[in-house]
Structure formats: structure tokens, C-alpha cells
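The numbers here are math on the coordinates, done by the rules we state, and not lab data. As the structure is a computational prediction, the values presented were derived from the model and not from experiment. Cβ coordinates were reconstructed from backbone atoms using ideal geometry, including for glycine residues, and neighbour counts include every protein chain displayed.
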Amino acid sequence: MLRFLLRRFGYLVFVLFVIALVSFGLNSIANNNPAALLAPRGASAEAIAQIKANLHLNDPLYLQFWHFLTRGPDIRGTKSGLMQWPPSLGYSFVKQRPVTEVILDKLPATISLALGAMVLWLAIALPIGVLAATKARSLLDRVSTFFALVGLSFPTFLLGLLLLYVFYYQLTTAGFNVFPAGGYVALTTDPLEWAHHLILPWFTLALTEAAIYVRVTRSSMLEVLGEDYIRTARAKGLPERRVVYRHGLRSALTPVVTLAGLDVATLLGGAIVTEQVFGLDGVGRLAVLSVSDGDLPVVVGVTLVAAFFFVFINVLVDLVYALLDARVRVD
Amino acid sequence: MALLEVDDLQVAFDTEDGRLRAVRGLSFSVEAGQTLGIVGESGSGKSVATQSMVGLTRGARISGRALFDGDDLLTMAPENLRALRGNQIGMVFQDPLTSLHPQYTVGWQIQEAILAHEQIRKGEARKRAVDLLGQVGISQPERRVDDFPHQFSGGMRQRAMIAMALSLSPRLLIADEPTTALDVTVQAQVLELMKKLQAEYGTALILITHDLGVVADMADDVLVMYAGRAVEKADRRTLYYRQHHPYSKGLLASVPASAAHAPGERLIPIAGQPPSLLHLPSGCAFHPRCPYVMDVCVSETPELLSVPSIASENRPSENRPASENRPAGGHVSACHLPPEAVGPSPDAESRRERAVAAGRSTPVAVLQDEGAA
Ligand SMILES: Nc1ncnc2c1ncn2[C@@H]1O[C@H](COP(=O)(O)OP(=O)(O)OP(=O)(O)O)[C@@H](O)[C@H]1O
Ligand SMILES: [Mg+2]
């Protein structure tokens, strides 16, 4: 188990290094002059050159990358760098703040959105998927297939706007002020308001995702229910519910876990559309705004954070596998 | 009354290509503590027949009767049938590699079987699982009980399956090709084990196989199935030495060192393929592959009729219908050949040849297997 973990950890570090290299390289190619952004308006060319030199922006690229990893540009004495603890992602000249701080500010909203939505879509999709599989070809199966297709072909922004229209606009104009239009309240500030503000975004994501999960759960269950060991479970005289859940779902969960891991990892890099529609100040909105502002250090930072989540959650999924499936452990 | 009495069992599946009749009127019985061997080629309906009785075939149309200890398995409430499964009727399946759940330990799976039917504490169930594993010849059972199936060899997994099937001392054990997936030495060990445990527990056994050699060591009675029907039924000795149906004869000829077959002689596989159950041949389903095919075989389906025993062999023959649906211990065969033409003797062979010569309107030199398609 330890070797398994170490190997996965090595893989994580390697992937992050490669992504840092690539995104740093892209950043340098775009190469607008951060010194000009940083200097006061109307500063002389010499002053800008001086700032540029202070930031080591004249150094060769490999040296700059090394600095990015180890100490970052020296701004007001901030010691920063990816390999420092706590790791730092550099400095945003547009926002005049360390990138790490900027991203950490936005992460809670994104994490709340992604994890909450996942819990919700699994809670919706797993029972329906299992039922659709055990009653294959029944009315319920057909209905769920139909809604899954609708859900699959329904764009997130449309669903988000639709929910806003019905549950915010219509209800509010009718005099029921049930849901807020958007925004984010920190969990630590007020847990109830936190959930209250997130309900519509959660449903927006969950309903579009649930469609896929119903299909995956159903087909995975159908395959598993045809396995010989399910026949054995029935031959033992177990109640059918136990056969389906304890024996069937246990095996059928594997592809669902993989998919959920990938989806959450993607969402943690920013649920761009949903965050935009509901004005949630998350990583996705940050990325969009930074791209249009030309705030490249933040763009690189968000890329790295997203990549980190992606790889990290993949390792996590592997771990869950190892726990779910005894055979992986001995490899 | 026998422990299990099956009468006119029919099982059909509605497939995309039409109705597939996998079992077409099967009757047999098993006495307590006895062994019935069911033999037949792949696809003859052995598994479907036995599994549909205990409710393990989904989406099958089943009719007939299967009285277990007087209660009809086919019509009882699913909940009652579930209570019998694993408890009174144990099952062992063909492929031990896929028949155990890969994500639970072997011990847990045996424990679960016990706890499904008995209200005892977990620790006690576990102790019984360890005992059972020991009984089926797994060494160091206290340690192996927590192993996952992939840590067991194929033979050990089948032993574990047997332990699980016997965990509640069932009155009937259905073993569906329990040794097919194992190598030869392990096969013998597993069969030996089943024989021993059967004697210990007094369990009745239905042993399904397509290997008559396995039946030779184990079975009291033998049922030969072809295309969803019984074509011959007899006690083991009779079937080996005085078989009547050409299909049984063919099966025996394909077994090494059987009575029908002198040592050193080459195996003669039965020519042709089993018929499609969607498009059965007319008359006797075996006729396209039968070396003794006569005109009547193409037009008329032979009934299961009793075959006279040795004492009456030389009396003029007369096809008598079997007195009951279940000929207790009697020898029955569904073939148009004269009933006294039994066994591999030259005399019987010449009787068959004479019947064939008289029964064909056009001489057929070679058997045709195209008819099966
Ligand atoms: N669920 C099902 N749906 C449709 N057809 C089925 C189903 N199960 C079995 N059959 C068909 O029923 C026939 C009999 O199958 P069965 O498994 O009983 O054969 P068998 O005698 O046990 O053969 P084997 O020696 O290969 O195990 C086969 O033609 C098979 O294709
Ligand atoms: Mg079978």
C-alpha cells in the first residue's frame, strides 16, 4: 500500500512539474511587459527598465522558471515560489496581490459548488440508475432514459437561466422571495445562507450531470447483474435487495467513481458557466476575468491549481479503487 | 415419494429471433441421498432446466411441476422459494473463477450464506465458515478465511463454493458442471470431495456434466438430454452396458475407456452440431445426426418408452408406453429403433441395421448434418 501511494505521489509531482513548465512557457511567449503594468502611470522608460531588472525579467527563461519554482519575483520583499512552503504562484501585477492569495479567495465558492453538486447528482442518479437497471425495459426505465437524453442535450447555461427565471424571477415577482439571484456566502459566515445561495447552482450542475450518471449506473449495473457471482448471491437465498445493492452496486460503482472523480476535478478548476450565470465568485470566473485582463500570472496559477486538482483527485480515485476492489492492492 | 419430482418441465425464452424452447417437457425425480447425473452436449438445456426450477433464470416462461418435498417450486411465492435456496437446495456452478464475488472475502461470502437463513451471531457464523473450509480440504482455514477469491486457486475456489453450498446442510445439491473448469487432477479431487460430503450429509445430488466419465463414478441414475428433452433415462449400469438411444451410444463412444469402447481405440465424436433450438428438426430432434435414421424419425417425434430389461429381452417386442410419467428406476428411451436393440453387442447392432434397412424408403449412405442447420 505504501509503495502504491509513493508511486502515485511521484506521478503527481511529475505531472505538476510538466504543467508548470508548459504554462510558464506559454506565459513567457505571450510576454506582455509586467513592468509597465506595475509602474505608475507616466513613469519614465528608465524607471520601467529598472523595475524590469528588479523583477529579473531580463534573465534567461530557464532562470526565470527556476525563480518561479523557488522564490518568485521579489515584490515588496515577498518571498515566494512554487517550491516554498506555503507554495506561491507568483504575483499578479494587475491585481497587485500574490496569485496564491487571489486564488485561495475564490476556491471556497468553487469547492462548495463542485462537491455539493456531486453529492446531489449522485443522490439523484444512483437510485434511478439502479432502478432502471433492475427494471430494464419497464416504463420507469424508458422514462429515465428519456430524461437522461433531455438532460444530456440541455446546455448548462440554459438550465441555469431557466432555474433563475422560474425560481428567482417568477417567484419573486409573485411575491415569494425564496431564492437569491446569486452571489456566494461563506460557509463559515452563515451555513444556512451558504446552502441557500448554492441550491440553484447545485441543481443546475447536478441535473445536467445526473443524466450521464443515470446512464452509466444503469449500464454498469446491467452488466454486473449478469455476472455469475450475482447468480451465486441469489442461489444463496439472499433477499433481492441485498443482491442488488450489496453485491451488484458494489461492483457497478467502479466506473461511477472514476467518472465522478474526473468531473469533480474538472469542476474544481472552475465551473465557468454556472459561476457566471449565478454570479458566484469562484475560480472559473477568476479565470475568465484574468484572461480578458491579460493577467497572465493568475491564468498560469489557475491552470496549475486546476491541474493539481485533476491529478490529485485521480490519485484519490485510485485509492478509492484500492479500497473498493481488493485485487488492485496486490499489484 | 421422492425428494424432488419434476413433471413435464417446460422453459422458453422470448428472444429477438422468436421463442426459444430450451426445455421441452422434462420429467425426472431424485430420491433423498441419491445422485442423478444429467448429461448432454452444450446447449441441451441442462442448466436452464435446473436453474429455472429454483428461480434463477430471469425472463423465462416456465410451466410444469417441480415438487420438492411435496411443494411445487414453480408456483410457490418467491419469498418461500428464496428461503429454500441456499438452505434446503444448495448450488455449485461451473466456473469457480467468476462465481465468487471478487470484492468480498471468501469467509465473508460463506458467512453471508449462513446468516441469510439462520439467526446466529457473526462470530459464530465465521467459526462455521472456518470449519467448512477445513472440511472441504483448505489448509489453514483460519488464515485463508479472510482471503479474497483471487488469492485462491481454481480448485480451492470450487472447494469454497462447495463449502458455501453445503453450509446449511441442504437436502439437495445441484452441481452444474462443477469440475469442467478445473484441471484433471483437481477434477478428481473435487469429485471425491463431493462424494464424501454427500455421504456425510445425506444430500441428494443432481450432477450436471457433459462428461459421461464423471457420471460413471458418481451417479445412481442417469438422464441423457438432447435439445431440451430427455432422450434416455436409466440407472447407471444399464445406461453404460445396455443403452438404447443412438445419442447415448454416441456420447459413450466419445468417452475414453468406457464400456462401449475398447481401450486404445480412437474417440469417435458425434458428427454434426446440436440443432438450433429456434428451428428444431422435424420428428426426432436427433435425426439429422443419427447414423440409424429411418423415415419415421423425420416425421414422428418418438415418445419416451420403456425399454425391456434383460429378462424380457428375448420376448417378442412391443412398444409399451411407460406406465407412469416417472418410471421409477425403469429404463426409458425416446427412439424409434426396436426396444430390444440395446448395448454395443454385435447382435444388437445387427438388429439396428435390419430395422434401418426396413425403415428407409431411399437408401441413405452417409448421415447428413446439413439437416441441422
Ligand atoms: N436467458 C436466456 N435467454 C435466451 N436463451 C437462453 C437463456 N439462457 C439459456 N438460453 C438458451 O437455452 C439453451 C440451453 O442452455 P443451457 O445453458 O441450459 O445449456 P447447457 O445444457 O447447460 O449447456 P452447457 O453444457 O454449455 O452448460 C441454449 O441454447 C441457450 O442459448
Ligand atoms: Mg450449463
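For chain A, list the DSSP H helices whose alpha carbon atoms reach 18 Å or more along the long axis and whose average Kyte-Doolittle value is 1.6 or above?
Values: long enough: A:2-30 (42 Å, 1.70); A:99-134 (50 Å, 1.69); A:139-153 (21 Å, 1.35); A:191-225 (43 Å, 0.69); A:250-268 (27 Å, 1.27); A:296-324 (41 Å, 2.44).
Helix filter hits for chain A: A:2-30, A:99-134, A:296-324.
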- Note on the structure: Quick calc, B:Arg121 & B:Arg354: beta-carbon distance into FRET formula, R0 56 Å, rounding 0.05, result 0.20
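Which percent, nearest 5, of DSSP beta bridges in the protein assembly as shown are antiparallel?
Working: 34 of 53 bridges.
So the antiparallel bridges in the protein assembly as shown amount to around 65 percent.
Set the Förster distance to 22 Å, then compute FRET efficiency between A:Leu12 and A:Ser219 from the Cβ-Cβ distance, nearest 0.05. Working shown, then result.
On the way: r = 31 Å, r/R0 = 1.40.
Approximately 0.10, to the nearest 0.05.
So for chain B, Kirkwood radius off the Cα pairs, Stokes-Einstein at 20 °C and 1.002 mPa s: how many µm² s⁻¹?
In µm²/s, the coefficient is 98.
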- Set the Förster distance to 22 Å, then compute FRET efficiency between A:Ala195 and A:Leu161 from the Cβ-Cβ distance, nearest 0.05. 0.55
- Task: Using a Gaussian network model of chain A whose springs link C-alpha atoms within less than 10 Å, name the residue from A:Val224, A:Val214, A:Val302 with the highest mean-square fluctuation.
- Result: A:Val224
- Taking Cα pairs closer than 8 Å and at least 6 residues apart, the relative contact order of chain B in percent is 18 percent
- Quick one: if you stick a label point 7 Å off each Cα along the C-beta vector at A:Leu61 and B:Asp211, how many nm between them? 6.8 nm
- Fewest Cβ neighbours within 10 Å first, please rank A:Phe9, A:Phe309, A:Phe68, B:Phe152 accordingly. A:Phe9, B:Phe152, A:Phe309, A:Phe68
- Note on the structure: For region B:49-57, in residue order, the Karplus 3J(HN,Hα) values (coefficients 6.51, -1.76, 1.60; θ = phi - 60°; whole Hz; Gly and Pro = x) are 4, 6, 6, 5, 4, 9, x, 9, 9
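Add +1 for every Lys or Arg and -1 for every Asp or Glu among the other residues with Cβ under 11 Å from the Cβ of B:Gly228, and state the total. Working shown, then result.
Numbers: positive: B:Arg21, B:Arg24, B:Lys46, B:Arg229; negative: none.
Computed value for this residue: +4.
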- Message: At 222 nm, what value in deg cm²/dmol follows for the protein assembly as shown if DSSP H runs of at least 4 each add -39500 (n - 2.57) and the sum is divided by all its residues, to the nearest 500?
- Response: -15500 deg cm²/dmol
- Message: Based on alpha-carbon atoms only, what is the radius of gyration of chain A relative to the globular estimate 2.2 N^0.38 Å?
- Response: 1.22
- Along chain B, longest interval not containing exposed trypsin sites (Lys or Arg not before Pro), exposed being DSSP loop plus at most 16 other Cβ atoms within 10 Å: B:122-265
- Item | Whole-number percent relative contact order across region B:97-168, with pairs defined as alpha carbons under 8 Å at least 6 apart | 45 percent
- Mind checking the dipole of chain B: about its Cα centre, +1 per Lys or Arg Cβ, -1 per Asp or Glu Cβ, Debye to the nearest 20? 360 debye
- Would you mind checking the radius of gyration and Dmax of region B:97-168 based on alpha-carbon positions, in Å? 10.8, 32
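When the dipole is taken about the Cα centre of region B:163-261, and only Lys, Arg (+1) and Asp, Glu (-1) are charged at their Cβ, what size is it in debye, to the nearest 20? Can you show the working numbers first?
On the way: 9 positive and 11 negative charges, 67 e Å.
Dipole size: approximately 320 debye.
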- From the cross-link list A:Lys52/A:Lys95; A:Lys135/B:Lys233; A:Lys236/B:Lys249, the entries with a Cα-Cα span beyond 28 Å are A:Lys135/B:Lys233; A:Lys236/B:Lys249
- Item | Sequence-distant aspartates and glutamates (8 or more away, or on other chains) whose Cα lies within less than 17 Å of B:Lys127 | B:Glu112, B:Glu118, B:Glu142, B:Asp146, B:Asp147
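Of all alpha-carbon pairs in the protein assembly as shown, indicate the percentage at a distance above 46 angstrom. Before the final figure, lay out the partial values.
Working: 109522 of 247456 pairs.
The answer is 44 percent, as a whole percent.
Give me B:Ile120, B:Ile38, A:Ile111 ranked fewest to most by other Cβ atoms within 10 Å of their Cβ, as a rough exposure proxy.
Details: B:Ile120 13, B:Ile38 28, A:Ile111 17.
Result, fewest neighbours first: B:Ile120, A:Ile111, B:Ile38.
Order of B:Val214, B:Val224 from fewest to most other C-beta atoms within 10 Å?
Working: B:Val214 23, B:Val224 26.
By the 10 Å Cβ count, ascending, the order reads B:Val214, B:Val224.
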- Query: What shape does region A:163-321 take by its C-alpha gyration tensor, where a ≥ b ≥ c are the square roots of the eigenvalues and a/c under 1.5 counts as rounded, a/b above b/c as prolate, and the rest as oblate?
  - Reply: oblate
- Query: Roughly what would the spin-label model give for B:Met76 and B:Asp146, points 7 Å off Cα along C-beta, in nm?
  - Reply: 3.8 nm
- Item | Inter-probe distance in nm under a simple model that places probes 7 Å from Cα toward Cβ, at B:Glu200 and A:Gln96 | 8.6 nm
